[in-house]
1. Does Pro94 meet the test of being surrounded by fewer than 16 Cβ atoms within 10 Å (Cβ to Cβ) and either over 33 Å from the mean Cα position of the chain (by Cα) or closer than 27 Å to Leu277 by Cβ (or both)?
2. Go over the candidates Tyr448, Tyr396, Tyr417 one by one and state the one that is touching a strand residue (DSSP E or B) at 6+ places or on another chain (Cβ under 7 Å), hydroxyl-bearing (Ser, Thr, Tyr) and outside the structural domain of Ile487 (by TED's automatic domain parsing).
3. Please pick out the residue among Asn573, Asn650, Asn661, Asn665 that is surrounded by fewer than 18 Cβ atoms within 10 Å (Cβ to Cβ), in contact with a strand residue (DSSP E or B) (Cβ under 7 Å, 6 or more places away or on another chain) and under 23 Å from Glu484 (Cα atoms).
4. Name the residue that is nearest to Arg608 (Cα to Cα), counting only residues in segment 520-575 that are of a type in the set (Ser, Thr, Tyr) and in a loop (DSSP other than H, G, I, E, B).
5. Scan segment 121-140 and report the pairs whose first residue is free of Cβ contacts under 8 Å to residues at least 40 places away in the same chain and assigned by TED's automatic domain parsing to the domain that holds Arg304 and whose second residue is of a type in the set (Val, Ile, Thr) and part of a strand (DSSP E or B), with Cβ atoms within less than 7 Å and a gap of 6+ or a chain change.
6. Any chance segment 428-437 includes a residue that's assigned by TED's automatic domain parsing to the domain that holds Phe660, of a type in the set (Lys, Arg) and modelled with pLDDT of 90 or more?
7. All but one of (1) touching a residue at least 24 places away in the same chain (Cβ under 8 Å); (2) under 30 Å from Pro400 (Cβ atoms) hold for Leu233; which doesn't?
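The values are calculated or read from the model by the stated rules, or taken from the named source; none is laboratory data. None of the values given here were measured: they were computed from a predicted structure. As a convention, Cβ positions derive from the backbone with ideal geometry for all residues, glycine included, and neighbour counts pool all protein chains shown.
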Amino acid sequence: MSIRIFIIFLFFSCVFHANAQPLPGAVKRNAWNMHALRYYPFTQNADSIVKQVIAQNLADESKKDYLYQKTAVDFVINEQYLTEQFNFWANISPFIYKNVINPYQSWFSYAPPIEEKPSDLDMTLFLSEKQTHLEKGEDFSQAASLLSPAETENIQTFLTEYLGEINIFEAKSEVLFRQAKNPLGKDAMRTYRYFLSSMVETAGIPSYEIAFFSKNVKEESFEGYLYISQADLKLLKAVFTLNYRSGQESGPEVVFTQTPERKEIRLYLGDDIKKSLMISRIEIQNFQPADAYPPEPLTLSQTRFPELRLTASQTPAFRNTEKMLSFLLTNRIGIVGNKLELGPVTQMVSYNPTEGIRLRISGNTAQIFGKHWKTGGYLAYGIHDKRLKYRGDIAYSFHPGHKLQVTYVTDLNLPGYELLSDKRDDFFSSFYHAGAKNISWKKVGNLYYERFFKNRFSIKGGAKFWSDRPLENLKYSTVNQGTETIINAISSLELGVSFRYAPGERNVRFHDKDLVLRESDLVLEMNHRTGIKGVYGSDYNYQITDASAFKRFDFPSDRGSLGIQFSGGKVWNQLPFPLLFIPAGNQSFIFDAESYNLMRFYEFVTDRYLAGNLGLQFKWSPVNFVLPRNKIRTNLGIKAIYGPLSADNNPDLHQRLFVFNNSVNVLGNRPYIEAHIGLSHIFNFLRVDYVRRLTYGNKGAIFFSTDLTLN
């Protein structure tokens with residue numbers, strides 16, 4: 001789960017800090033009671049009742065005209081604890097109280113007590129309602145968030161993905177990015193045990209209370225209660241939770257409630273009796289709206305939500321907080337009423353050996369020209385090389401899942417890296433452990449169209465024109481009978497298409513980048529480029545293909561995972577070395593999972609290759625011997641690439657090809673191999689790795705990176 005989606009919760013948690021203790025609220029207590037069901041001394045088997053319920057297929061088949069959904073995110077805090085915190089900060093630090101704490105004190109007048117627990121205050125932070133005619137489409141929809149940088153559409157998309165979809169009459173349901181077998185699915189009898197718990201009344205109807213849990217304690221399943229009418233064996237209600245003993249990633253305690261006409265989800269984030277984030281969703285099918293009033297009334301906190309938003313907009317401290325959160329979410333800062341965005345902030349100042357100090361001003365229009373249009377770009381200047389660099393982008397998303405973009409950029413290029421990816425001038429990557437002498441001046445014009453499909457398959461196609469001129473010590477030259485000919489620059493026009501398939505991947509789009517909520521266990525990619533000679537001065541005809549496959553395997557009992565990636569590619573024509581495959585090196589001290597961390601920029605080239613990347617993560621570390629409850633993880637990995645240059649692209653055999661120079665080498669008959677070992681999740685975000693180069697020299701170095709998760 002992305003930590004940035006719920007950064008507002010972390011903000012409140014930091015302001016009102018407390019030691020974590022088990023939450024004794026009704027929902028939490030019920031969840032843990034359900035976890036203990038398999039240990040209760042039940043005596044009466046209820047399989048025969050459940051078999052009849054499944055056979056009747058009790059899902060209502062009558063016409064469903066409307067679907068109503070309400071989703072809310074609430075901050076819940078103990079009233080006495082809140083008062084203690086205000087008094088504590090007022091006494092300990094008047095400055096912090098005046099400038100940080102006090103501006104938020106009046107907000108809690110909009111936080112009414114929770115009905116089932118009057119000692120707790122409930123303050124709504126996000127609320128959405130959606131009323132849809134199932135045949136005609138959407139009739140009514142609205143969403144509002146206290147936190148504007150997160151964007152209501154993204155929050156709603158995240159919550160929909162996170163809370164998932166549960167129908168206990170289907171074979172499986174997916175929720176909290178986990179799949180679990182349902183207790184009333186077609187083959188549920190193979191998975192579950194059912195016992196009669198008691199005779200109760202449900203909504204005034206005499207019913208059986210049937211406890212259920214999985215036969216296998218590690219099963220990906222639910223556990224809880226079914227309430228079935230004694231008269232006609234219809235399902236009246238189901239209350240259940242996830243089996244936390246399964247080998248899947250553990251999550252927060254959550255209780256689900258379902259009836260044939262109504263679905264409810266409520267869960268808590270944070271194991272704290274004094275503060276927590278509560279997420280709830282209600283879904284009602286097959287109703288007739290009356291005078292535009294929703295069938296599910298708003299809670300008292302939700303009715304006060306508009307007033308709270310108005311108060312928030314008039315609170316300078318909160319507006320400053322929003323700017324800080326906008327930076328954390330997007331690496332950008334809004335100006336001119338947030339109509340323009342400056343950033344990425346961490347790329348405004350950087351350093352590299354060619355430019356010296358690099359100054360950059362960049363940003364985008366934040367959809368100032370409409371929801372579907374976006375423009376952006378940057379200007380950069382190197383103090384040492386005294387060159388101006390620039391980029392411009394225009395993007396048009398004419399329909400969800402469709403994107404058309406035009407980009408033009410003129411800048412320094414690090415061979416092996418795609419200039420359009422715009423990653424290399426981040427401040428934290430400015431410190432090199434080796435000088436970057438192989439560099440070029442590149443101009444790129446790019447037009448592409450990208451289409452995303454619901455099954456997590458995407459296709460991208462377009463045209464790109466580029467020119468490349470060597471700088472520093474690098475040069476492009478040919479040697480014929482001892483005579484050297486210098487090539488000032490090369491250029492190409494190419495058409496390209498790429499495919500990507502990642503089933504199970506979940507993401508939301510914040511501004512111009514995707515935030516992955518759940519990574520896929522399988523990722524397949526393929527790319528092909530075609531160069532066309534003679535068009536706009538293009539110098540070469542060529543065909544280049546590469547592909548990769550990634551698969552992750554989870555260890556039993558959530559002990560860790562193994563990730564394996566294989567990739568390969570081939571250049572099908574005779575080309576000079578700047579157009580061959582250039583493995584991505586890394587000369588900074590920031591660990592890069594996608595690069596070879598001890599390989600120099602432009603150290604190797606090849607026209608065909610096979611590469612492998614194996615990574616192990618254990619949810620344990622040697623630190624556990626000293627601090628048994630810490631969450632630090634151990635990471636191990638090895639990377640290798642093999643690809644001797646073919647005779648077709650060897651300049652010693654073909655005088656028209658560029659000769660290798662300035663430490664540019666062919667990847668020989670030995671593979672390049674490097675291994676790493678390290679610890680991640682240090683302070684919940686820091687990762688440290690030691691990387692050792694095993695071939696083509698023997699050296700090692702320590703690298704740092706961030707690893708943000710909530711788990």
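1. On the way: surrounded by fewer than 16 Cβ atoms within 10 Å (Cβ to Cβ): yes; either over 33 Å from the mean Cα position of the chain (by Cα) or closer than 27 Å to Leu277 by Cβ (or both): yes.
Yes.
2. Details: Tyr448 fails: outside the structural domain of Ile487 (by TED's automatic domain parsing); Tyr417 fails: touching a strand residue (DSSP E or B) at 6+ places or on another chain (Cβ under 7 Å).
When all the criteria are applied, what remains is Tyr396.
3. Working: Asn573 fails: under 23 Å from Glu484 (Cα atoms); Asn650 fails: in contact with a strand residue (DSSP E or B) (Cβ under 7 Å, 6 or more places away or on another chain); Asn661 fails: in contact with a strand residue (DSSP E or B) (Cβ under 7 Å, 6 or more places away or on another chain).
Sole residue among the options that is surrounded by fewer than 18 Cβ atoms within 10 Å (Cβ to Cβ), in contact with a strand residue (DSSP E or B) (Cβ under 7 Å, 6 or more places away or on another chain) and under 23 Å from Glu484 (Cα atoms): Asn665.
4. Keep residues of segment 520-575 that are of a type in the set (Ser, Thr, Tyr), which gives 520, 530, 536, 538, 540, 542, 545, 548, 557, 561, 567.
Then drop every residue that is not in a loop (DSSP other than H, G, I, E, B), which leaves 520, 536, 538, 540.
Numbers: Ser520: 28, Tyr536: 28, Ser538: 23, Tyr540: 18 Å.
The qualifying residue nearest to Arg608 (Cα to Cα) is Tyr540.
5. Glu138/Thr132
6. no
7. Among (1) touching a residue at least 24 places away in the same chain (Cβ under 8 Å); (2) under 30 Å from Pro400 (Cβ atoms), the lone unmet condition for Leu233 is (2).
For every residue, the table says whether it meets (1) of a type in the set (S, T, N, Q); (2) modelled with pLDDT under 85; (3) closer than 19 Å to Ala111 by Cα.
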| site | (1), (2), (3) |
| --- | --- |
| Asp271 | no, yes, no |
| Lys275 | no, yes, yes |
| Ile282 | no, no, no |
| Leu310 | no, no, yes |
